[in-house]
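Below you'll find the structure, written out as structure tokens, and then a few comments.
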Amino acid sequence: MTRRNNMILYKTESEIAQMKEAALLVSKTLTEVAKVLQPGMTTLQIDKLCADFIKEKQAISSFLNYRGYPFTICASVNDVVVHGFPNDAPLKNGDIVSIDMGVILNGWHGDHAYTFILGEVPVEVLNLVKVTKESLYKGIEKATVNNRIGDISYAIQEHTEIKNGYGVVRELVGHGLGRSLHEDPQMPNYGKRGTGPKLKENLVLAIEPMINMGTKDVYTEEDGWTVRTRDGKPSVHFEHDVCVKKNKALILSDYSIIEAAEKANTNLNSSYY
Ligand code: MF3
Ligand code: CO
């Protein structure tokens, strides 16, 4: 998409309160997923669960029909990086699946994602999941006034690529969020400290590291959406909606409820070998 520069929009406190409602609705939906997810379930079933849940809450999907996207969620399994179509293949023990979802509530978008582990996965995969989630929080720590976008980018790249040797996807980036799903600025997961737009108070960003176990290279399938790793190795995606503040960024979405449901779900029974 081509956009003019200097289109960064800052939100008022009351707008941020409304955006928090939208982000939290996504968190609550992902919590419903965490409660019932288990091997044997299909991603189409998850899509229906999410579509029904947000409808009940008077929200609409940000993704459905966005540039022709045909589903409510993106369900990206194993080597699918992002934008996987829900399908009728049962999830298996040892799979990892990123569920990414957006809603519009009272005119404001929430957009966030969580990668779930189904049963026993290799320790290397578990580490990729852990490091990617950590990198998201390391990026969020830099989302304070007078830092720059590149400070967030670098923090993510440092933790994943420089310290752990993973591949940071270059083709896809995070973004500003508001009345549109994708606002300025772009929010890459790689970059240099002290570069890029300066962060001002009440900029809302969707920060979303997409991190590959192997190389950074990806390709898009014939369907025009599904992004996969070139080397076929797994990829992990986490996304939070974050508001820039003076001393400490405000995270609008909430992993604590998803994590609690994940822990309580004995069918997930995440472990490693
Ligand atoms: N979180 C992704 C993004 O912000 C999801 C977009 S999927 C689409 O780009 F269907 F909406 F394109
Ligand atoms: Co996003």
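The values are calculated or read from the model by the stated rules, or taken from the named source; none is laboratory data. Predicted model only: the values in this text are computed from it and were never measured. For the accessible areas, the whole protein counts, side chains as well, though only heavy atoms, and no ligand, DNA or RNA atoms are used. Shrake-Rupley method; radii C 1.70, N 1.55, O 1.52, S 1.80 Å.
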- Query: For segment 88-102, what does the Karplus curve 6.51 cos²θ - 1.76 cosθ + 1.60, with θ = phi - 60°, yield as ³J(HN,Hα) per residue in whole Hz, taken in order and with x for Gly and Pro?
  - Reply: 9, 7, x, 5, 10, 3, x, 6, 10, 9, 8, 10, 10, 8, x
- Starting from the amide H of Asp254, placed 1.01 Å from N in the peptide plane, find each other amide H under 5 Å away whose residue is 5 or more places distant or on another chain. Ser27
- Run the 1.4 Å probe and let me know the accessible area of Asp254, rounded to the nearest 10 Å². 50 Å²
- Task: Output ³J(HN,Hα) for segment 61-66: one whole-Hz value per residue in order, computed from phi by the Karplus curve 6.51 cos²θ - 1.76 cosθ + 1.60 with θ = phi - 60°, and x for Gly and Pro.
- Result: 6, 6, 8, 4, 6, 5
- Among Asp88, Asp241, Asp100, the residue with the largest mean-square fluctuation in a Gaussian network model of the chain built from Cα contacts under 10 Å is Asp88
- Expected max-MSF residue from Asn127, Asn78, Asn65 in the GNM of the chain (alpha carbon, under 10 Å) is Asn65
- Query: By accessible area of protein heavy atoms, probe 1.4 Å, what ranking do Tyr154, Tyr137 get, highest first?
  - Reply: Tyr137, Tyr154
- Task: Work out which helices of the chain, taken as complete DSSP H runs, extend at least 15 Å along their axis over the Cα atoms and score a mean Kyte-Doolittle of -0.5 or more, then list them.
- Result: 13-36, 43-56, 123-141
- Note on the structure: HN-Hα couplings for segment 209-226 via Karplus (6.51, -1.76, 1.60; θ = phi - 60°), in whole Hz with x for Gly/Pro, come out as x, 10, 10, 9, 5, x, 6, 6, 6, 9, 9, 9, 5, 4, 5, x, 10, 4
- Query: Per the 1.4 Å probe, what fraction of the accessible area of segment 192-247, in percent, lies on carbon and sulfur atoms?
  - Reply: 45 percent
- Query: Which residues' amide hydrogens lie under 5 Å from the amide hydrogen of Val121, considering only partners 5 or more residues apart or on another chain, with H built in the peptide plane?
  - Reply: Ser271, Tyr272, Tyr273
- Would you work out the relative contact order for segment 3-264, in percent, from Cα pairs under 8 angstrom that are 6 or more residues apart? 24 percent
- Query: Using the Cα atoms as the points, what is the convex hull volume per residue of segment 3-264 in Å³?
  - Reply: 117 Å³
- Message: Over segment 3-264, with the other protein chains present, what is the accessible area per residue in square angstrom, probe 1.4 angstrom?
- Response: 42 Å²
- To the nearest 10 square angstrom, how much accessible area does Ile257 have with a 1.4 angstrom probe? 60 Å²
- Item | Gaussian network model of the chain, Cα within-10 Å springs - most flexible of Thr195, Thr115, Thr229 | Thr195
- Message: For segment 162-213, what does the relative contact order come out to in percent, with C-alpha contacts under 8 Å and a separation of six or more?
- Response: 47 percent
- Under a 5 Å amide H to amide H cut-off, with H placed in plane at 1.01 Å, what residues pair with Met210 once short-range neighbours are removed? Val169
- Query: Between their Cα atoms, which of Lys192/Lys245; Lys138/Lys198; Lys35/Lys246 are more than 25 Å away from each other?
  - Reply: Lys35/Lys246
- How do Glu222, Glu21 stack up against each other in accessible area, from largest to smallest, with a 1.4 angstrom probe? Glu222, Glu21
